[in-house]
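S.K.: Pasting a structure below so you can have a look.
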Amino acid sequence: MKTKRIKRPVCYLVGLLVFGLMLYSCLQDETDLDSRETTGKIIKGKNRELSIDVARSWYEAHQTPVVTTRSVATHFELMTKLHWKKGYENRKGKFEVVEVPLLTRGGAVLMDSETMEKCKDTERGKIRNISRMVIIKNLETGEIINFVMHIVGTYDYLMKAKHFEDNSYLYRAPDLSGSVYFYEPEGGLVNGWQYENGKIVATISQGTEEGLKMQATADTRSESSECHYESVFVEYDECTPFIYEDPEYGIGFGIECRTRTKYETKLVCNNIYHDENGNAHTWFPPEVDSGGGVGGGYQPVAPKAKAIFRNSNMTDNSWKTIENLLDKMTKTKIGEALYHKLQEALKGKTLIIQFVSDNMNSNFDPGLGGIKMRMDITSSALLHEMVHALQSYTEQETWNATQLNQEFEAHLIQQIYINSLEESERTWWYEKSKNDSRWNATRLLVRYIDEFGNLRPGITAGKLQKIIPKIISDFRDVGYDNIDYPWLNSRKGLDNFNNLRSLYQ
Ligand SMILES: [Zn+2]
């Protein structure tokens with residue numbers, strides 16, 4: 001009797017276990033399938049984290065409702081508004097995307113020069129382009145970015161394409177012929193791709209009017225030339241009433257509509273190769289994995305640098321130099337904190353950045369509203385000037401009276417940053433600066449103040465205040481004179497390091 005009683009629950013248990021295993025394996029199958037799907041295919045309308053609502057509240061907290069993209073070369077602006085009701089979600093791999101069509105002012109349509117020449121009024125319905133705000137979340141890093149995408153088909157493609165609107169950030173139709181452009185949300189062309197029958201054939205970057213003119217006047221257009229300039233046009237309704245005076249009928253009124261304007265001068269370069277799988281690559285590294293699949297994605301040059309600096313004349317290589325310094329800087333805790341604090345203080349604005357010759361010093365110039373730097377600047381020297389830029393927002397009216405107080409803080413933050421780098425760099429810096437009295441004074445400060453701007457254990461405000469006269473004279477000894485670098489004596493102790501203390505708040 002006893003054994004039977006035990007056997008029955010065991011039976012149930014085994015049954016339950018088998019059922020459970022079945023259920024588990026079913027579930028596992030589904031998640032397997034799901035993860036397989038997410039790596040290769042595009043899934044529409046099922047975003048897990050970046051839904052349209054999430055994208056909208058993110059967007060409205062960070063961006064302006066009216067979006068103006070500009071051509072740097074032609075100084076033409078395109079004003080647009082987001083049409084959230086027509087927004088849609090899709091995802092692929094680690095990227096979730098929300099695309100929102102942009103309503104352009106005056107119903108502006110972008111087109112290439114061939115389309116502009118050939119388009120007749122009867123075909124007007126077929127002359128269209130895609131303009132969308134793209135918002136992307138990288139599920140691995142949690143980062144959300146946004147940019148404007150314009151897709152402009154060739155004349156032949158537009159005439160035959162039945163599903164032109166299916167083209168998206170993640171999907172390019174297999175027969176797409178035309179160009180895909182990416183613009184900063186409030187700015188100029190970032191990069192682009194040219195397609196022929198769904199295949200990438202060229203890269204697009206910002207062109208110049210001078211380049212376009214030189215190309216037009218060149219006696220022989222060299223066939224081997226890798227790059228050439230092309231124009232993009234915009235047609236829009238700008239209906240302005242005007243008054244005219246007819247010699248026969250006198251004064252009359254009219255309305256003038258449909259303006260055609262050059263929108264963009266682009267540089268098209270045939271620098272694409274295809275690997276054995278037919279995937280497109282550019283000759284120049286690095287390719288950024290931005291969800292656009294095999295090439296074709298948004299690839300901003302120096303996004304960190306351009307988020308806080310501006311200079312319309314700077315080459316991509318110079319931008320990359322600054323980006324590398326910022327990449328190195330933001331790998332440290334204090335560098336990362338300073339970068340974000342400065343970005344916060346700028347409130348979406350940017351500082352001018354300029355290179356100066358090697359016989360000049362790098363410095364923050366409040367008159368210029370930016371930083372002048374030498375080509376051979378180190379990340380720590382750039383960080384020093386970024387501290388001064390931050391101080392220009394926090395000091396304001398005391399700016400001129402506290403120059404030396406500010407230098408104390410900039411030097412201290414720079415030394416703390418160097419202390420967080422690898423040993424070889426710390427040693428290099430020490431050897432370079434060991435005979436400089438202000439750096440020895442700064443290293444003395446580090447013994448009193450920790451990396452968060454607080455007094456170290458056992459140090460009192462009185463003890464800190466006591467060493468300040470010595471540090472002042474150590475700075476004066478190397479040229480920080482009291483005319484250009486006055487010391488505000490009413491500012492005591494730790495109050496000289498308020499920016500450092502606020503870095504992590
Ligand atoms: Zn300084």
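The values are calculated or read from the model by the stated rules, or taken from the named source; none is laboratory data. Model, not experiment: these values are computed from the prediction. Counting neighbours? That spans all protein chains shown, and the Cβs are built from the backbone with ideal geometry, glycine included.
S.K.: Tell me which residues, restricted to the stretch 408-445, are surrounded by fewer than 18 Cβ atoms within 10 Å (Cβ to Cβ) and polar (S, T, N, Q).
M.R.: N419, S420, S424, T427, S433, N435, S437, N440, listed by residue number.
S.K.: Sticking with this structure for a sec: Of these, G198, G142, which one is touching a Leu at 6+ places or on another chain (Cβ under 7 Å) and at positive phi? Show your work before the answer.
M.R.: Working: G142 fails: touching a Leu at 6+ places or on another chain (Cβ under 7 Å).
Going through G198, G142 in turn, just one is touching a Leu at 6+ places or on another chain (Cβ under 7 Å) and at positive phi: G198.
S.K.: For residues that are surrounded by 14 or more Cβ atoms within 10 Å (Cβ to Cβ) and part of a loop (DSSP other than H, G, I, E, B), tally how many sit in the stretch 479-503.
M.R.: 7
S.K.: Still on this structure, I have one more. Determine whether R443 is modelled with pLDDT of 95 or more, part of a helix (DSSP H, G or I), more than 22 Å from Y480 (Cα to Cα) and in contact with a helix residue (DSSP H, G or I) (Cβ under 7 Å, 6 or more places away or on another chain).
M.R.: Criteria not met by R443.
S.K.: Considering only residues that are over 11 Å from E235 (Cα atoms), loosely packed, with under 13 Cβ neighbours inside 10 Å, more than 26 Å from the chain's Cα centre (by Cα) and of a type in the set (G, A, S), which ones fall in the stretch 100-144?
M.R.: Hit for the stretch 100-144 is G125, nothing else.
S.K.: Could I ask something else about it? Looking at A401, A410, which is the one that is touching a residue at least 40 places away in the same chain (Cβ under 8 Å), of a type in the set (G, A, S) and under 20 Å from P486 (Cβ atoms)?
M.R.: Of the residues listed, the single one that is touching a residue at least 40 places away in the same chain (Cβ under 8 Å), of a type in the set (G, A, S) and under 20 Å from P486 (Cβ atoms) is A401.
S.K.: Now for a separate question. Collect the residues in the stretch 345-365 that are within 12 Å of the ligand (Cβ to nearest atom) and within 18 Å of E409 (Cα to Cα), keeping them in residue-number order.
M.R.: S362, N363, F364, D365
S.K.: Further question: Filter the stretch 122-143 down to residues that are in contact (Cβ under 8 Å) with a residue 40 or more places away in the chain and assigned to a strand (DSSP E or B), then give me how many there are.
M.R.: The number of residues fulfilling the criteria is 7.
S.K.: Let me ask another. On the given criteria, is I449 over 16 Å from I472 (Cα atoms), in the same structural domain as N496 (by TED's automatic domain parsing), buried (at least 20 other Cβ atoms within 10 Å of the Cβ) and more than 16 Å from the ligand (Cβ to nearest atom)?
M.R.: yes
S.K.: Can you tell me which residue is farthest from the ligand (Cβ to nearest atom) among those in the stretch 390-407 that are surrounded by fewer than 22 Cβ atoms within 10 Å (Cβ to Cβ) and under 30 Å from the mean Cα position of the chain (by Cα)?
M.R.: If we take residues in the stretch 390-407 being surrounded by fewer than 22 Cβ atoms within 10 Å (Cβ to Cβ) and under 30 Å from the mean Cα position of the chain (by Cα), then Q396 is farthest from the ligand (Cβ to nearest atom).
S.K.: In this structure, is K341 surrounded by fewer than 17 Cβ atoms within 10 Å (Cβ to Cβ) and either of a type in the set (D, E, K, R) or assigned by TED's automatic domain parsing to the domain that holds N313 (or both)? Quick ask: steps written out before the conclusion?
M.R.: On the way: surrounded by fewer than 17 Cβ atoms within 10 Å (Cβ to Cβ): no; either of a type in the set (D, E, K, R) or assigned by TED's automatic domain parsing to the domain that holds N313 (or both): yes.
No: the conditions fail for K341.
S.K.: Something else: Being closer than 12 Å to F497 by Cα, away from the ligand (no atom under 15 Å from the Cβ) and small (G, A, S) is the requirement here; does G462 meet it?
M.R.: Here the answer is no, as G462 does not meet what is asked.
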